[in-house]
Amino acid sequence: MQLLKKLKKGSPGWYILTLVIIFFLLLPNFNIIINLFAEVSENWEHVREYLLINYFHNTLILILGSGFLSALLGAGLAWLIIAYDFPGRRFLNWALILPLAVPPYIGAYVYAGIFNFTGPVQRLLRNYFSITIEQRYFDLMNLRGAVFIYTIFLFPYVYLMTKAFLAKQSSSLLESSRLLGKSDYSIFLKIILPLSRGAIIAGSSLVIMEVLNDYGVVKYFGISTFTTAIFNSWFGMGDLATSVRLAVTAMLLIVVILFIEKLLRGGRKYSYSTSKLRPLRRRQLSGRSKFLAMFLSYSVFTVAFIIPMFQLIYWSILSRGGNFSEVLNHALTSFFTAAGAAAIIIIGAVIVANTARMSSKLIANILGRITILGYSIPGAVIAVGILLFMLQLDLLFDYLNLYFGIETNLVLSSTLLMLIFAYTVRFLGIAFNSVDSGYDKIGESYFEAARTLGKGVTTTFFKVDLPMLKPALLSGYLLVFIEVMKELPLTLILRPFNFDTLATRAFEYANDEMIYRAADLSLVLIIFSALAIYIITHQRRRRKNAAEN
Amino acid sequence: MQLKISDLSFSYNKKEKVLNDFNLEINKGEVAALVGRSGSGKSTILRLTAGLEIPDSGRIEIAGKTVVDEQKFLAPEKRKVGMVFQDYALFPHLNVYQNISFGIDHLSKKKRKERTAELLELVNLAGFEKRYPHQLSGGQQQRIALARTLAPGPKLLLLDEPFSNLDTELRDKIRKELKSIIKEIGITTILVSHDKNDAEFMAEKEILLN
Ligand SMILES: Nc1ncnc2c1ncn2[C@@H]1O[C@H](COP(=O)(O)OP(=O)(O)OP(=O)(O)O)[C@@H](O)[C@H]1O
Ligand SMILES: [Mg+2]
């Protein structure tokens, strides 16, 4: 009876499916941890003695710098958009999410191109103002530059989280502080920031996860981090043992970060106001403050989206005669891979979320944690775990072949299947969060009503839950679609032979200093992602309008 | 005996027991009202009866059949207990006809049509088949929810604060209608109410929780 109570209203099929999914999600991590006890190589001794401290140093600067600056930028803009009205606000409201469509490594080579000796900025200064400035002021290819790139292309995570939180707050909070004679400035510092601390930190930690995962920017800028080190030891030296050690060390770092995040967020509950309270009313800005608000938000949008887009278009025009069929080819590969992977991932996420919803709070929490685990672990680390798994499988097949004469031409190493498995491990958490918040919004009573009307869990799922979840499913699907489109490290390590996505090809061209050829590919990638963002934001708006009518 | 609850204990968490050795008997065709202060566990009793919660110990029998005890737990969809939810929980993506026929889709299409029409007649909303829940008033929504619950012919009807979402004027009207509908089909009913007057008007039997 007690066990039944924990599992509550479940049906066994759902639990079994969920267990299978969870098993596969955890598999790469187990593989890494088990291999911790394998013999160490000489190379690892060398890495540990001389290089590890450098990896830590660089990684820490990158995550602290971009985490802090994105928090500032994201929270500030969210406040501006939520609390004030000024020309262009409605557009900026969603346009400020668009920088997420630009993968940071593309942003990195675009900005490096803009600021280098032959780039437009220096040319302009030289030719029109006859100014030559010391190169080091323009050098973007260092830690500072990387922090800049991460901040402008990843701050929307904080912006989104904070905005969603503030939109739920009641206006009486703000009005009472205004009545108490507080200036807007001090309201922001003393009330809004502390209140939305949880949301800001949640957003920043997403930024940090992305930074930890990144391979493209640091590789292009020549900065050594855990991810580049894993790549080097695996690709460069074929030294799996060292990659595993590095992966474990990176995981320890992540555990510490997650712990600090929890500490900073604090255990306290935030008062989500109910729908009965009036939402924040925006204050109309005028005069100087209006222009300041417009200037700030439009400059961010310009730097983080417009300028990179124009530069890419310019390069793309310069490279006329660029290979159209190549672009089309990679675009199709990227599109179908992302569309297919996202479909598989959203199905998995729905299964886990439905099980979580039928279980006790404790089990639901554990399921949520496990699904998001993959997102907090850098792609390169997951790739190592999956490589280990594939090696074991290959051994198994060899064994089958040897002893039973079973021919298996099923070579799993580096197949599309493995790559999609890797995407699932990494991105299932994103889809799960969407579906789970969808379930939250629906509530329990429709499910319960269907049950008392004589429908089992599964029938209820197809007839009631699924149709009502549609908007959440679409958002989750598109979010995963964008992530897979942009994904680099997993794809680079695990892709099958001759398999190129827009992301991998653009990255390789840029890395080989063939920036013009990377431009077309990058543009197509960004347009796909931007479209997905447009659909997500505008479906939400449509629903909101429908609810208000 | 249509419902028999014996020595039922239940808690949402380890800290406090909501119900402790609770007993209740209701005869066939009887209308009983559960009254008690807020938080005394009235809704919880309905949820346990419907199978939406699982008791710590005790037994529930419906129409002579044990639905839950130490060994057994019958899933809510197999209990033939109808429950009208406080927020009605009409499926927003289905229209009135689809909502009412939701629980009887094992019947042939013709039978389903007849049954739905009959129920709409009963709750005085004939002709509303094509409307969606958001196109109905609060009182109409409640009556559709009742019709939907009655459609599969439950052995027991549970109503959780059926009047709480209605204003006083409507309340009187709905109260009368509800009473006559229940009498007309003679279904065994438990209703939860805050209001003494409601309970006295509707029910033959009052059960006080403390
Ligand atoms: N899902 C839940 N989790 C934890 N505790 C709960 C839950 N639902 C109810 N409770 C607690 O159980 C007790 C009984 O709740 P119940 O809803 O049955 O009361 P009620 O008599 O229906 O009250 P009301 O008249 O306000 O509707 C309350 O103390 C309540 O706080
Ligand atoms: Mg109640």
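The values are calculated or read from the model by the stated rules, or taken from the named source; none is laboratory data. No experiment lies behind these values; they were computed from the predicted model shown. Cβ: placed from backbone, ideal geometry, glycine included. Neighbour counts: every protein chain shown. To get the accessible areas, we keep the full protein, side chains included, count just its heavy atoms, and leave off ligands, DNA and RNA. Shrake-Rupley method; radii C 1.70, N 1.55, O 1.52, S 1.80 Å.
Structure summary
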item: Magnitude of the charge dipole, the range B:127-174, Cβ model with Lys/Arg +1 and Asp/Glu -1, debye to 20; result: 280 debye
item: Most fluctuating residue given options B:P133, B:P162, B:P92, as computed from a GNM of chain B linking Cα atoms under 10 Å; result: B:P92
item: Charge dipole (chain A, unit charges on Cβ, about Cα centre) - positive-most of A:A108, A:G88, A:S204; result: A:G88
item: Net charge of Cβ neighbours under 11 Å - reference B:F102; Lys, Arg +1; Asp, Glu -1; result: +3
item: Listing of the range A:447-467 residues, each with accessible area lower by at least 50 Å² in the full protein assembly than in the chain alone (probe 1.4 Å); result: A:E448, A:R451, A:T452, A:L453, A:K455, A:K463
item: Exercise: per-residue mean of other protein chain Cβ atoms within 10 Å, B:144-157; result: 1
item: Listed residues A:P496, A:F462, A:Y477: farthest to the positive end of the dipole of the range A:447-549 (Cβ charges); result: A:F462
item: Computed label-point distance, nm, for sites B:E16 and B:K111 using a 7 Å Cα→Cβ extension; result: 4.7 nm
item: Order by protection proxy (mean Cβ within 10 Å, highest first), peptides A:213-226, A:78-91; result: A:213-226, A:78-91
item: Ordering of A:203-210, A:234-241, A:309-316 by packing [mean C-beta count within 10 Å, highest first]; result: A:203-210, A:309-316, A:234-241
item: Share of carbon and sulfur in the accessible heavy-atom surface of the protein assembly as shown [1.4 Å probe, %]; result: 61 percent
item: B:H93, A:H330, B:H134, reordered so the largest accessible area comes first (probe 1.4 Å); result: B:H134, B:H93, A:H330
item: Cut-off 18 Å, label 7 Å out along Cα→Cβ of B:R37, residues of the range B:186-210 by amide N; result: B:193-196, B:207-210
item: Debye-sum result for the range A:463-528 in log10 I(q)/I(0), which assumes one identical scatterer on each alpha carbon, at q = 0.12, 0.13 Å⁻¹; result: -0.43, -0.48
item: Per-residue mean of C-beta atoms belonging to partner chains within 10 Å, peptide B:83-93; result: 5
item: Ranked packing of A:486-496, A:15-25, most packed first, by mean Cβ within 10 Å; result: A:486-496, A:15-25
item: Stokes-Einstein D in µm²/s, Kirkwood radius over Cα pairs - the range A:93-192 at 25 °C with 0.890 mPa s viscosity; result: 145 µm²/s
item: For the protein assembly as shown, size of Cβ-based charge dipole, Lys and Arg +1, Asp and Glu -1, in debye; result: 2660 debye
item: Violating pairs (Cα-Cα greater than 20 angstrom) within the set A:K361/A:K463; A:K470/B:K130; A:K441/A:K463; B:K4/B:K173; result: A:K361/A:K463; A:K470/B:K130; B:K4/B:K173
item: Accessible surface of A:R517 - all protein chains present, 1.4 Å probe, nearest 10 Å²; result: 110 Å²
item: Intensity falloff of the range B:88-169 expressed as log10 I(q)/I(0), Debye formula with alpha-carbon point scatterers, at q = 0.15, 0.21, 0.24, 0.25 Å⁻¹; result: -0.50, -0.96, -1.23, -1.31
item: Whole-number percent relative contact order across the range A:341-482, with pairs defined as alpha carbons under 8 Å at least 6 apart; result: 37 percent
item: Average other protein chain Cβ within 10 Å of Cβ, residues B:104-114; result: 1
item: Assigned charges on the beta-carbon of Lys, Arg, Asp, Glu; the range A:119-203 dipole about Cα centre (debye); result: 60 debye
item: Pairwise burial A:B, computed as accessible area of each alone minus the pair, summed, 1.4 Å, Å²; result: 2300 Å²
item: Value at 222 nm in deg cm²/dmol, rounded to 500, when DSSP H runs of n ≥ 4 in the protein assembly as shown each add -39,500 (n - 2.57); result: -20000 deg cm²/dmol
item: Size descriptor, Kirkwood hydrodynamic radius, that averages inverse alpha-carbon separations across chain A, Å; result: 25.2 Å
item: Dipole axis of the protein assembly as shown (+1 Lys, Arg; -1 Asp, Glu on Cβ), positive-most option in A:M418, A:I63, A:W14; result: A:W14
item: Equivalent ellipsoid dimensions for chain B as semi-axes, Å, which come from the Cα gyration tensor, largest first; result: 29, 20, 16
item: Computed over chain A: relative contact order in percent, which uses C-alpha pairs under 8 Å that are six or more apart; result: 23 percent
item: Accessible area expressed per residue, the protein assembly as shown, with surrounding protein chains retained (probe 1.4 Å, Å²); result: 47 Å²
item: The range B:31-127 - Rg and Dmax from Cα coordinates, angstrom; result: 16.6, 47
item: Lysines whose Cα lies under 18 Å from that of A:K182, excluding same-chain neighbours fewer than 8 positions away; result: A:K190
item: Interface residues, the range B:57-77 - accessible area loss of 20 Å² or more versus chain alone, probe 1.4 Å; result: B:E70, B:F73, B:P76, B:E77
item: Separation in nanometres of the label points that stand 7 Å from Cα toward Cβ, at A:F259 and A:A339; result: 4.6 nm
item: Alpha-carbon spread of the range B:1-49, three principal axes, descending order, Å; result: 37, 21, 14
item: Accessible area (Å², 1.4 Å probe, nearest 10) - A:M514; result: 80 Å²
